[in-house]
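Taking it in order: structure first as structure tokens, then the write-up.
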Amino acid sequence: MDMAKLNPNASERAQKRSAEVSMRPTRATTAKPKAATAAKKAVVSDVPLGIPPAAGQGYVARKAEAASRDLVFGMPKPKLSEAELRRAPEDDYMNKEQLNFFKFILLETRSQILANASDTGEHLRDNEVTTDPADRATQEEEYTLELRTRDRERKLLKKVERSLKMIDEGTYGWCEESGEPIGIPRLLARPTATLSLEAQERRERMQKLYG
């Protein structure tokens, strides 16, 4: 006996259920929308209040670009100025911001020394030796002075590298002999200093006495 003929409504209900099941989304089709929704929420969460969600993507991109422009030598520019550093209380001595300030100065010094060394090498290669005795004497004197300057900078570069290592080790700004603070004014005048002023003067007196 044909049941569809006896109960046509039952057949129609079965067809509707079959169509509804076929229209349900599977897990594979819903995974991507969920991931996209999560990414969208992450973007919107970084956007300040008052900025339309539609502009959120552009805001985050511009924020990242501005942050990259503020990076110098792979680190952010110091937040402290020299005047603020001098006014800082003793409890702030060699805190994170102060260390970043001196690290930036040391990296800047290192960059300048390396640039000067490169310029000197190019200058010595490009200049031709003159045949005139007077000009040759002047040229040799200029070369000698320039090489002396580069030699002093090479010695300074070693001190700069040592100071950068001390920052990483957490010993920068403290006297190697006494363990006392070297002091902000002295470090501003000589960022590679490893001795306090008193210890430095004491060492110089000993060198004069004992040669």
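Assorted remarks:
- Residues that are among the aliphatic types (A, V, I, L, M), over 21 Å from Arg87 (Cα atoms), over 25 Å from the mean Cα position of the chain (by Cα) and in a helix (DSSP H, G or I) within segment 151-200 comprise just one, Ala199.
- For segment 75-124, filtering for residues that are part of a helix (DSSP H, G or I) and over 22 Å from Glu153 (Cβ atoms) leaves 15.
- Picking from residues in segment 125-136 that are assigned to a helix (DSSP H, G or I) and surrounded by fewer than 11 Cβ atoms within 10 Å (Cβ to Cβ), the one that is modelled with the lowest pLDDT is Asp126.
- Test set (1) in a helix (DSSP H, G or I); (2) among the polar types (S, T, N, Q); (3) at pLDDT 95 or above - Gln207 fails condition number: (3)
- Restricting segment 167-190 to residues that are within 16 Å of Lys96 (Cα to Cα) and in contact with a Leu (Cβ under 8 Å, 6 or more places away or on another chain), the residue that is surrounded by the most Cβ atoms within 10 Å (Cβ to Cβ): Tyr172
The values are calculated or read from the model by the stated rules, or taken from the named source; none is laboratory data. Just so it is clear, the model here is predicted, and its values are computed rather than measured. Cβ: placed from backbone, ideal geometry, glycine included. Neighbour counts: every protein chain shown.
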